[in-house]
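Asker: Quick one: this structure, given as structure tokens, is what I'll be asking you about.
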Amino acid sequence: MKKTAIIYITDNGHRLAQRLETFSSDIEIVKFAPGLVADLWGRYEAFVFIMASGIVVRTIAQLMKNKKTDPAIVVLDEAGKFSVSLLSGHLGGANELANNIARFLGGEAVITTASDVNGLVSIDLWAGDNGLVIEEWGLVPRTGARLVNNGGLTVYSEIDIVLPAEYHKVFDPGSADVLVTNKKRLISDDRGNGQLYVRPKNLILGIGCNKGASTEEIEHAVQHTLEEHNLAFLSIGSLATIDMKADEPGLVAFAKKHQIEMKTYSPLELNGVQGVSKSEAAFKATGAVAVAEPAALLAARADALLVPKQKRGNVTVAVAEKNSERGKIFIVGIGPGSEKHITPAARDAIRKSDIIVGYGTYLELIQNLIHDKEVVSTGMTQEVDRCRKAVDFAAAGRTVAVISSGDPGVYAMAGLVFEILRQGSGGKGQGSREKKDTSLRIPHSAFRIPEVEVVPGISALNACASRLGAPLMHDFASISLSDRLTPWPMIEKRLEAAASADFVIVLYNPRSKGRAGHMSKARELILRYRLPETPVGIVKGAMRDHETVIVTDLGNMRDDDIDMQTTVIIGNSKTFRWNNLMITPRGYEIQEGKKVRG
């Protein structure tokens, strides 16, 4: 199922919807009909209506439930001039979607939420971006009004978090509008009237239980333990136990009911934790000297427990607070896509990561490596969004793998991650004389520079060259023909420079539906400097199941053999064809069977 439904009425609306198909691969286009939206409601995260707003309001009025579950609703006029965020602007992402569509169409976004109009960071969006959970949604409108009326909010926080400029940190809980804490209550109810509690998901439950322990008994034990120690249930980030309890029905049902991540550890791992209370009964039953306490410590990466084990009937509960250590980003190149061409270092980085972020097509190539991971998949043109999400996860202490095909430092994600990190840390964008690119800013995020490791992969030019023989034995230039980020006149300038200097030329992104003529233009330009007989290699889907390899020449190459999955390598004046391969001499001379440097 696609993420976004675009619903139109007229032919003009349909044409605009088709334009938006290139905006994202996660779009489904549907013609409006009575009762249709009711059938689709709940199946899509967002709806874009190309029609009058009155029709939309009457259509969705009976379907809306609450701001936490309603989908994003954006309304467009048929000319694409105005992109109106109508419903679920913050939590549903309608404001962001409306802005992105307006930028794509060259139109204007219409945003009416007060905080956005006044250039302020709304509390619900800020909380969501930072992995925080709002406890009492009924207090959000009042808190939002304080933000708009006062131009800011006062925040008391027990975690290390960077606040937006208009959020002012205070050290007295009683003077705060917003309390960020895993404590159930910090002050008495009479003093805390109207204060908004926002919960960090930093409590880790260690749970041991007898076979057959019911969901209700586990839930009662957890709630009683947390209440007794003034801890908030909404701050539970995950639960941990021994691996033999991974399929325990009551425990699994409890985790599923409350959408809590469940981690398991072997007896060997649990027995390696020092300073826990040991149990002979647990050792006899499981081979582990303890379960709840060491499991909580392992999952939290902590040295001490917040709550030592509490035994209630068939259930034992311990609590640890997650170590707020700096997160990490692996920027991973998976090569051409075949698992046998993924390096051991790349496999190791993926294994160590909590979250995998990438373009859906690339993630499909490594399903066997990520089936047990949290996966964030986005469309082809959503590179900035992918990197923002990865940086935000890492800033919250998570370990993230950003997946690129080929090598991540060659026309891929590494540079963009560093650009976003630089801007998030207060650095300037792509040059001190240029305007700061606000599209690359991390929106309302707590920012802590994570550790970053770039894990190289086999690039497309390496993979394709290997299929063609040895075309890159001498100097070569790599040029992308995509003008989505680089103006075409600049691309032409680079092509001419490379062609006139007799470089072997590697062409990335040579042809797509939106720029079908770019490859022909490049070929004509290069022919000014190269003979028609110059060897050309065309490799599509290198080292994948659908791979095709064509060796031809500059005069006879055909555009219909080329698409976005194709890399084209054009030889220099010395490159020759032999045995249906391309070879570019390095400059050695071969005499009497001996190789002598020329």
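The values are calculated or read from the model by the stated rules, or taken from the named source; none is laboratory data. Model, not experiment: these values are computed from the prediction. Cβ atoms come from the backbone with ideal geometry, glycine included; neighbour counts cover every protein chain shown. All accessible areas refer to the heavy atoms of the entire protein, side chains included, with ligands and DNA or RNA removed. Shrake-Rupley method; radii C 1.70, N 1.55, O 1.52, S 1.80 Å.
Asker: Expected output is a single nm value to one decimal: the length gained when fully extending between Ser512 and Thr10, i.e. 0.36 nm times separation in residues minus the C-alpha distance. What is it? Mind showing how you got there, number by number?
Answerer: Working: separation 502, 0.36 × 502 = 180.72 nm, distance 2.81 nm.
Working it through step by step, the gained length comes to 177.9 nm.
Asker: Take every Cα pair under 8 Å in region 488-598 that's 6+ residues apart, average their separations, divide by the length, and report that relative contact order as a whole percent.
Answerer: Details: 171 pairs, mean separation 30.1, N = 111.
With pairs under 8 Å counted, the relative contact order is 27 percent.
Asker: Among Ser83, Val57, Asn150, which residue has its Cα positioned farthest towards the positive end of the charge dipole of region 51-156, with +1 placed on the Cβ of Lys and Arg, -1 on the Cβ of Asp and Glu, and the dipole taken about the Cα centre?
Answerer: Val57
Asker: So what is the relative contact order of region 43-141, in percent, for Cα pairs below 8 Å that sit 6 or more residues apart? Before the final figure, lay out the partial values.
Answerer: Working: 143 pairs, mean separation 19.4, N = 99.
Relative contact order, region 43-141: 20 percent.
Asker: Extending each Cα 7 Å along its Cβ direction at Asp483 and Lys574, get the distance between those two points in nm, one decimal.
Answerer: Computed distance between label sites Asp483 and Lys574 equals 3.4 nm.
Asker: I would also like to ask the following. Is there a quick way to get the dipole size of the chain? I mean about its Cα centre, with the Cβ of Lys and Arg at +1 and of Asp and Glu at -1; what is the value in debye to the nearest 20? Could you put the intermediate results ahead of the total?
Answerer: Values: 71 positive and 69 negative charges, 164 e Å.
Around 780 debye, computed over the chain.
Asker: Given a cut-off of 22 Å, name the pairs among Lys3/Lys322; Lys211/Lys309; Lys68/Lys263 whose C-alpha atoms lie farther apart than that in the structure shown. Display every interim value, and only then the final one.
Answerer: Working: Lys3/Lys322 33 Å; Lys211/Lys309 18 Å; Lys68/Lys263 27 Å.
The answer is Lys3/Lys322; Lys68/Lys263.
Asker: Quick check on the chain: helices-only [θ] at 222 nm, where DSSP H runs of length 4 and up contribute -39,500 (n - 2.57) each and the sum goes over total residues. Nearest 500, please. Can you show the working numbers first?
Answerer: On the way: 20 runs with 174 residues, N = 598.
So the helix-based figure for the chain works out to -8000 deg cm²/dmol.
Asker: Further question: Before anything else, pin down the relative contact order of the chain: Cα pairs under 8 Å, at least 6 apart, normalised by residue count, whole percent. Working shown, then result.
Answerer: Details: 1208 pairs, mean separation 48.2, N = 598.
About 8 percent, as a whole number.
Asker: Let me ask another. Once fully extended, how much extra length lies between Thr112 and Ser466, figured as 0.36 nm per residue of separation less the alpha-carbon to alpha-carbon distance?
Answerer: Values: separation 354, 0.36 × 354 = 127.44 nm, distance 5.53 nm.
Length gained, Thr112 through Ser466: 121.9 nm.
Asker: Further question: For the chain, with the dipole built from +1 on Lys and Arg beta-carbon atoms and -1 on Asp and Glu ones, taken about the Cα centre, which of Ile73, Met543, His220 lies farthest toward the positive end?
Answerer: My answer, from the dipole projection, is Met543.
Asker: Multiplying the sequence separation of Ile449 and Ala38 by 0.36 nm and subtracting their Cα-Cα distance, what value in nm do you get? Numbers along the way, then the final one.
Answerer: Working: separation 411, 0.36 × 411 = 147.96 nm, distance 4.42 nm.
Extra length available between Ile449 and Ala38 comes to 143.5 nm.
Asker: Place the peptides 253-259, 562-568 in order of packing, highest mean first, counting for every residue the other Cβ atoms within 10 Å and averaging per peptide.
Answerer: Numbers: 253-259: 15.0, 562-568: 20.6.
Top of the packing list down: 562-568, 253-259.
Asker: If you count, for each residue, the other Cβ atoms within 10 Å and average over each peptide, how do 57-69, 575-587, 498-510 line up from highest to lowest?
Answerer: Working: 57-69: 12.6, 575-587: 15.6, 498-510: 20.3.
Final packing ranking: 498-510, 575-587, 57-69.
Asker: Give me the tail of P(r) for the chain as a percent: Cα-Cα pairs with distance above 44 Å. Spell out each step's value before the answer.
Answerer: On the way: 57515 of 178503 pairs.
Distances greater than 44 Å cover 32 percent of the Cα pairs.
Asker: Here is a follow-up. Which entries of Lys169/Lys256; Lys183/Lys311; Lys201/Lys373 show an alpha-carbon separation above 25 angstrom in the structure shown? Show your work: numbers first, answer last.
Answerer: Numbers: Lys169/Lys256 35 Å; Lys183/Lys311 21 Å; Lys201/Lys373 18 Å.
Result: Lys169/Lys256 exceed 25 Å.
Asker: Would you calculate the separation in nanometres between label points at Ser175 and Val549, each defined as 7 Å from the Cα along the Cα-to-beta-carbon direction?
Answerer: 7.2
Asker: With the other protein chains left in place, how much accessible area per residue, in square angstrom, belongs to the chain at a 1.4 angstrom probe?
Answerer: Numbers: 29180 Å² over 598 residues.
Roughly 49 Å² per residue, with all protein chains present.
Asker: So for region 247-386: antiparallel DSSP bridges make up what percent, rounded to the nearest 5? The partial results should precede the final answer.
Answerer: Details: 4 of 9 bridges.
Here the antiparallel bridges make up roughly 45 percent for region 247-386.
Asker: Now for a separate question. Within the chain, what whole-number % of the accessible surface is contributed by carbon and sulfur, with the 1.4 Å probe and all protein chains included in the calculation?
Answerer: Details: 14410 of 29180 Å².
Summing carbon and sulfur atoms, their accessible area is 49 percent of the total for the chain.
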